[in-house]
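Nothing in this text is a laboratory measurement; each read-out follows from the coordinates by a stated rule. Just so we're clear, the structure is a prediction, and the values are computed from it rather than from any experiment. Using ideal geometry, Cβ is built from the backbone for each residue, glycine included, and neighbour counts are taken over all protein chains shown.
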Amino acid sequence: MPERRRGRLGERVAEVLELPREVVFHVPRLVMVGNLHLTIENHRGVVEFGRDRLVVGLGEGQVTVEGEDLAIVRIGREEMAVAGRISCLRFS
Amino acid sequence: MRLLLLWPSGFVRVVVSGAAPERFVNLAARRGIPLWQLREEGHCIRGVMAAAHFLRIRPLARRSRCRVHVQARAGLPFVWRKVVRRPGLVAGALAALALIMTAGSTVLFVEVSGASAGHREEILAVAHRAGLRPPIPRFLLNGAALEEEVAASLPYVSWARLTFQGTLARLEVGEQELPPPPPPPTGPADVVATKPGELVYLLPLMGVARVQAGQRVVAGQVLISGVIPGRKGGEKETGPPRLVSARGVCLARVAYQAVVRLPCHEVVLRPTGRTWHGWVVLVAGKEIVLRGKVPFELYHTSRTRAVLGGRNGKPAVEVIRTTYHEVEPVTFVRTPGEAALAARDKALAEVLSQVPPGAEREVIEAEVEVRDEGATARVTAFTIEEIGRVMPR
């Protein structure tokens with residue numbers, strides 16, 4: 001079955017069964033608390049890390065976090081927590 | 001908070017330097033080695049990792065072409081390693097701790113509160129006799145027994161409570177405030193006998209005598225009545241009675257008696273002077289016997305309790321020390337004559353303790369019956385005393 005059709009089928013199943021998308025498609029899940037704390041689940045590692053810029057690899061593409069005094073509070077196999085004054089979040 | 005949880009197993013602060021420290025971070029995360037508090041500082045990344053994981057990162061560092069330096073170590077394993085190298089320090093710390101605990105749990109000062117100034121010295125003297133003699137370790141004090149002793153020994157003390165505040169033992173007492181004597185009844189009243197006896201003198205000051213001198217009366221019997229029959233016009237004509245509050249002097253001969261039997265062969269338990277301590281710890285309702293097998297066959301016991309912690313009156317840990325005083329049976333052998341004398345003296349002492357302090361002692365009669373197996377003494381003391389009491393009708 002082509003990849004595109006399989007994706008559409010999975011999307012319909014998730015919609016009918018009301019399943020969380022990040023579980024079904026294994027897509028990243030980002031949770032922000034104000035502009036001070038960001039949790040990223042299902043990440044693919046750190047691409048670039050600086051005090052004012054953090055680039056995190058995702059399944060498809062990357063997310064760039066910009067701000068001041070950024071720090072990775074914890075990084076594990078699938079989950080990462082970022083703290084600092086976050087000013088911008090950009091997907092590419 | 002995370003570092004606090006890591007402290008028991010230990011953690012290290014590391015500095016990752018090299019061409020791409022991010023690659024090292026990713027490799028570590030993928031291998032299940034979590035990193036905390038990562039910050040970029042001048043082409044390096046500083047962070048924290050568990051001490052147990054540090055030995056696993058060498059291949060990762062080689063693969064990512066990074067160098068990992070340990071900046072600081074912290075946690076229990078590192079502290080323990082330092083402590084083990086300095087036994088003198090450990091011994092000193094333990095000795096200091098023991099000294100602080102001993103000094104902190106020793107009573108050095110005693111304070112009495114709640115008592116009038118004139119009674120404080122006497123209360124302190126009783127407490128001193130009961131064992132409150134500073135300096136004394138707190139666990140050796142039997143607080144409940146001391147409180148009972150103080151309350152029982154001093155008539156003006158109704159209750160006593162012993163509390164501790166550091167090295168200060170505070171003995172709080174409540175002095176009895178006796179109510180004022182009730183005023184003599186103003187309404188109709190009789191004079192009644194408070195105890196049985198033979199009336200020797202009766203003088204009614206108000207009311208009508210119901211008994212005569214020489215008559216035997218029982219307790220509760222009316223001696224002088226407060227009801228005066230009425231008269232009219234000087235003639236002996238009975239009208240409505242008049243009620244008065246009876247008054248008068250009612251002296252009676254009262255007998256007090258005591259009977260004592262003493263055998264010629266008597267077995268008593270005499271302390272040998274040897275003692276043994278048993279320790280029991282009560283934790284959450286469970287009794288843990290630390291030392292419990294008593295080496296004596298016959299003994300008397302006394303208990304001391306120490307309470308540690310707890311709330312709402314329930315102690316968390318209770319340590320009970322039971323002191324066993326060994327006793328031995330000793331047979332006293334007396335001749336019948338000695339038994340008679342001892343029985344008479346004992347009976348006399350018992351009788352005299354019954355006589356009220358204001359009574360006039362008239363005569364004391366002693367009757368001793370001597371047999372081969374022992375003696376029986378019967379001592380009777382006769383007193384002349386006031387037995388009348390005004391009772392409202």
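For this structure, a couple of remarks:
- Within 10 Å of the Cβ of each residue in B:20-28, the mean number of Cβ atoms contributed by other protein chains is 4.
- With all pairs of different C-alpha atoms in the average, the Kirkwood value for the hydrodynamic radius of the protein assembly as shown is 34.4 Å.
- In the stretch B:189-251, Rg over Rh equals 1.05, where Rg is the alpha-carbon radius of gyration and Rh the Kirkwood radius from pairwise Cα distances.
- Mean per-residue shielding of peptide B:41-50 is 1, counting Cβ atoms of other chains within 10 Å of each Cβ.
- Amide H to amide H, with H built 1.01 Å from N, B:Val110 comes under 5 Å of B:Ala169, counting only residues 5 or more places away or on other chains.
- Mean Kyte hydropathy of -0.5 or more with a Cα span along the axis of at least 20 Å, helices from DSSP in chain B: B:87-104, B:336-354
- Dipole moment magnitude, nearest 20 debye, the stretch B:189-251 about Cα centre, only Lys, Arg, Asp, Glu C-beta charged: 60 debye
- For B:Phe332, distant residues with modelled amide H under 5 Å away: B:Glu266, B:Val267, B:Val268
- Comparing B:Thr186, B:Thr275, B:Thr163 in a Gaussian network model of chain B where C-alpha atoms under 10 Å apart are linked, the largest mean-square fluctuation is found at B:Thr186.
- Rounded to the nearest whole Hz, the Karplus-based 3J(HN,Hα) values (6.51 cos²θ - 1.76 cosθ + 1.60, θ = phi - 60°) of the stretch B:40-47 follow the sequence 8, 9, x, 6, 10, 10, 9, x, with x at glycine and proline.
- For chain B, the Kirkwood estimate of the hydrodynamic radius, built from every pair of different alpha carbons, is 31.4 Å.
- Surface/4 of the Cα convex hull for chain A, nm²: 6.7 nm²
- Computed magnitude of the charge dipole of chain A (debye, nearest 20; Cβ of K, R +1, Cβ of D, E -1): 300 debye
- Packing rank of A:30-39, B:139-148, where each peptide gets the mean count of other beta carbons within 10 Å, highest leading: B:139-148, A:30-39
- Whole-Hz Karplus values for the stretch B:201-218 come out as 8, 9, 10, x, 8, 8, x, 10, 5, 9, 10, 10, 4, x, 8, 7, 10, 10 Hz, taken residue by residue from phi with 6.51 cos²θ - 1.76 cosθ + 1.60 and θ = phi - 60°; glycine and proline positions read x.
- Dipole magnitude of chain B, debye to nearest 20 (Cβ charges: Lys/Arg +1, Asp/Glu -1, about Cα centre): 4500 debye
- The mean count of C-beta atoms from other chains within 10 Å of the C-beta of residues in A:68-80, rounded to a whole number, is 5.
- Under-5 Å amide H pairs with B:Trp159, H placed in peptide plane, nonlocal only: B:Gly174
- What the phi angles of the stretch B:32-37 give under the Karplus curve with 6.51, -1.76 and 1.60, with θ = phi - 60°, is a coupling list of x, 10, x, 10, 10, 6 Hz, glycine and proline written as x.
- Fraction of antiparallel bridges per DSSP, the stretch B:101-236 only, in percent to nearest 5: 75 percent
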